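Remarks on the structure that follows.
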Amino acid sequence: MRLQQLHAWGVSPSEAIALQKQLASRVIRRGDPGEVRLVAGADVAFPGRTRGWAGGVARAAVVLMSYPELTLVEQYVIETPVAFPYVPGLLSFREMPALALAFEQFTVTPDLLLADGQGMAHPRRFGFASHLGLLAGIPTIGCAKSRLCGEAAEPGLERGSTTDLVEKGERVGMVVRTKTGVKPMYVSVGHMIGLEAAVKWTIRLAPTHRLPEPLRLADRLSKALPIT
């Protein structure tokens, strides 16, 4: 599976911001993937003390799982040097080159993709998940552990409880309780999916843990932890 080449990666932060503003208009914020047999999860970690540095190494992890069985089909890890500096709101420019190499290892194309990051819930409405979705050309959901922008009330404690995430009067995502009594996830549209569908699939793919299974396994793989 190859990601599209929409632009060069060797850009400055100001050029990256301009690209985000330009590409945001190409994101499709509606739809539902319908029949799903294969779901992918993607995450990137930075070994050692490299996350806040301009250099260092990125460890990109991708997993492919069957649905509804949620059994592991494929998994890959790629480590590459990092060229783009750490700038909040521009993480895709730092992490995507490594992820692109990891996705090339897939022998099939998933029907749905979950990314550990924001989609529309981003100051320029073009976070990591939207960038990845546009490059992959498949329905993509942003599932983040923390909030980047907007305000929201705390959802109920029960699994499946939600509240709207709103910025400047616009609903940019939803806060979703994926497991009773644990911290919620911040879900937003990545690409080619509507917000309600994104929330529905996030809950479906998180039957027992806070993180949806594809993201949970990708997270562990990126940190070199055993997949259990």
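Only the coordinates and a few stated rules stand behind these numbers; no lab work does. Just so it is clear, the structure is predicted and the values come from calculations on it, not from any experiment. Reconstructed Cβ throughout: ideal geometry from the backbone, glycine too, with neighbour counts over all protein chains shown.
Determine the gain in length on full extension of the stretch GLU154-GLU196; use 0.36 nm per residue of separation and subtract their C-alpha separation, reporting nm with one decimal.
Gain in length upon complete extension: 13.3 nm.
Expected output is a single nm value to one decimal: the length gained when fully extending between SER161 and LYS145, i.e. 0.36 nm times separation in residues minus the C-alpha distance. What is it?
4.2 nm
If you place +1 on the Cβ of every Lys and Arg and -1 on the Cβ of every Asp and Glu, how big does the dipole about the Cα centre of the chain come out, in debye to the nearest 20?
Computed about the Cα centre, the dipole is about 400 debye.
Whats the longest run of the chain with zero GluC sites (Glu not before Pro) that are DSSP loop and have at most 11 other Cβ atoms within 10 Å?
In short, 70-157.
If the chain between VAL87 and LEU225 were fully stretched, how many nm would it gain, using 0.36 nm times the residue separation less the Cα-Cα distance?
47.0 nm
Between ILE28 and VAL57, what's the calculated FRET efficiency when r is the beta-carbon distance and R0 is 22 Å? Round to 0.05.
Efficiency at R0 = 22 Å is approximately 0.10.
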